[in-house]
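The values are calculated or read from the model by the stated rules, or taken from the named source; none is laboratory data. Just so it is clear, the model here is predicted, and its values are computed rather than measured. Heads up, the Cβs are rebuilt from the backbone with ideal geometry, glycines too, and the neighbour counts pull from every protein chain shown.
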Amino acid sequence: MKYESQKVAKLYFIAAIGLFVGQILFGLIMGMQYVVGDFLFPEIPFNVARMVHTNLLIVWLLFGFMGASYYLVPEEAETELFAPWLAYLMFWIFLAAGAATVLAYLLVPYATLAEVTMNHLLPTMGREFLEQPTITKIGIVIVVLAFLFNIGMTILKGRKTVVSLVLLMGLTGLAVFFLFAFYNPTNLVMDKYYWWWVVHMWVEGVWELILGAILAFILIKTTGVDREVIEKWLYIIIAMTLITGIIGMGHHYYWIGTPEFWQWWGSIFSALEPIPFFMMTVYAFNMVNRRRRNHPNKVAVLWALGTAVMAFLGAGVWGFLHTLAPVNYYTHGTQITAAHGHMAFYGAYVMIVLGMISYSMPLMRGRELCNSARSQTIEMWSFWLMTVSMVFITLFLTAAGILQVYLQRFSDNPMDFMVVQDKIALFYWLREITGLIFLIGLIVYIASFFVGQDEPEATVEPLK
Amino acid sequence: MAQAFTKAMARNIFYGGTGFFFLVLLALTFQTHQEWPELDNRQAINDVVTLGKQVWEDNNCVGCHSLLGEGAYFAPELGNVYLRFGESTDAIKGFIASRPAEGIPGRRSMPQFNLSEEELTAIAEFLKYVAGINTAGWPPNIKG
């Protein structure tokens, strides 16, 4: 750690991990409700658990991105953060708003929340992932703008690198596309069309710039490969991301009342979306193989390589699986989508944030380069527990999805939705058990922060 | 990558490609807007449907159901529920109104939302409007 103000990231990362735990607990509740339908009913209905699960994911990833930015940008810009106090202030505002919103989801009926927060004045609630009360959404905009200002000013007064520039573009895009959350016409088709300008443009667009920038930073730091080489890769990867991903949004426009030409545009361009993820995998392994140094923070390198592989599998391969219109005709809105969503989010965004934490947290806690060998070993265990269980969660959901598609939509005698749900319950059970293993992995992850703290840092053989 | 391929070239591909395809998106969006009046069943939208969408949103229906395939996958697709319920708004209203408050032992059950008669009518009319949207033949069958 070169600049004192990088330390604000620590608080953001701690909050991120805490909310991550909440996300997983509510995921387990939902998973249970899939097989024991009245579990916690009517206290925590499924829709509430799902809202908490998905909103916590989004909020903790945002905390993670912000923390990563606060750590990364001063180091890249070679200057202290423009206004550390603003970063602290925004942290508490964001945490308070997030916690209040989640508590409100849990404590009052959603309709009451909509009424109390005067949703009718500017209706934005009740749409998937955008369930937050309008006042919370406005709060998010304010926090993100203050954050962008802080990051932007830091970059302006310091060295401008490609990594921080790409990060800034990603974060700016995040802020800009979120504004579509405030557009909610009665016309459902138009509502859905522009809803995707938030959701798709985030996760299949600008967030990938953020992912790319953070990954590039970790690779520069841990491999010692020439920055020029890494920056060239970064540019070409994000170029492919947006060249394929912008029109790739068409794969959401097949069946929602949009013109049928989208079936062609969406199929062709989204079929190319795995390319940047594949390139990212090739690049991450290439950089590590061509490393100029052996970095003792082995677990950070493991997360970096892991995110490249898992993003390719989850976003790339599992996305491609159901992206072509003739396939999507049968798979749209089934467990296939859920399978893809789980592995893609974990691979692309959870792992990159955990990777950044893994790289930076030891430094913020006073280490020279890395944690002790024992702490790293424990963290590697958590890496494998969480990653392998996410692979199996995805496989079980895929199996459930294939059966669902066949029984409900493809066979000669299609069955009712709920009849099919009963028939595929075995796979939901398997998913739930695997989810418990994921939780164990997460507990082990947290334990790694407390183990081996009084032991010396891990060392490695210098590169020959 | 070959040395002939420079960082400046990569950067230009990024800016050029992004700018170009964003313009393509805007063009396709414009074309989409042109074709919508034929597809999106806007002629069915009235004050009741507007209220219905509000009821739909204020009760977070999309937290369990999918609507035109988007939402949660915990409960049945509702884009075509009007057709599945024999084109009867009364059947939809009756179903929503009769949900047991304490659920059904061991089973998934829709919560009792205590909607007023006006809200019940509105949500049913909203779902009727949605069923009239041209979805290019999706879902594959009436089961949703």
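Tabulated results
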| item | result |
| --- | --- |
| Total residues in the stretch A:361-381, condition acidic (Asp, Glu) and part of a helix (DSSP H, G or I) | 1 |
| Residue within the stretch B:62-83 that is of a type in the set (Phe, Trp, Tyr) and part of a loop (DSSP other than H, G, I, E, B) present | yes |
| Of all residues in the stretch B:1-49 being touching a residue at least 40 places away in the same chain (Cβ under 8 Å) and under 18 Å from B:Leu68 (Cα atoms), the one that is surrounded by the fewest Cβ atoms within 10 Å (Cβ to Cβ) | B:Glu38 |
| Subset of the stretch A:88-123 that is touching a Ser or Thr at 6+ places or on another chain (Cβ under 7 Å) and among the aliphatic types (A, V, I, L, M) - its residue that is nearest to A:Gly18 (Cα to Cα) | A:Ala97 |
| Subset of the stretch A:242-269 [more than 9 Å from chain B (Cβ to nearest Cβ) and within 26 Å of A:Leu165 (Cα to Cα)] | A:Gly248 |
| Matching entry among B:Gly79, B:Gly63 (being buried (at least 22 other Cβ atoms within 10 Å of the Cβ) and within 7 Å of another protein chain (Cβ to nearest Cβ)) | B:Gly63 |
| Residue list for the stretch A:33-48, filter: more than 18 Å from B:Pro76 (Cα to Cα) and buried (at least 18 other Cβ atoms within 10 Å of the Cβ) | A:Phe39, A:Phe41 |
| Hits in the stretch A:91-116 (condition: touching a residue at least 12 places away in the same chain (Cβ under 8 Å), surrounded by 20 or more Cβ atoms within 10 Å (Cβ to Cβ) and within 13 Å of chain B (Cβ to nearest Cβ)) | A:Tyr105, A:Tyr110, A:Leu113, A:Ala114 |
| Residues located in the stretch A:410-464, provided they are among the β-branched types (Val, Ile, Thr) and farther than 30 Å from B:Gly144 by Cα | A:Ile437, A:Ile440, A:Ile443, A:Val444, A:Ile446, A:Val451, A:Thr459, A:Val460 |
| The listed residue being modelled with pLDDT of 95 or more, surrounded by fewer than 22 Cβ atoms within 10 Å (Cβ to Cβ) and part of a helix (DSSP H, G or I), out of B:Phe95, B:Phe113 | B:Phe95 |
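Each row is one residue, and each column tells you yes or no for (1) away from chain B (no Cβ under 12 Å); (2) polar (S, T, N, Q); (3) surrounded by fewer than 24 Cβ atoms within 10 Å (Cβ to Cβ); (4) within 15 Å of the chain's Cα centre (by Cα).
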position: A:Arg293; (1), (2), (3), (4): yes, no, yes, no
position: A:Thr307; (1), (2), (3), (4): yes, yes, no, yes
position: A:Val317; (1), (2), (3), (4): yes, no, yes, no
position: A:Thr334; (1), (2), (3), (4): no, yes, no, no
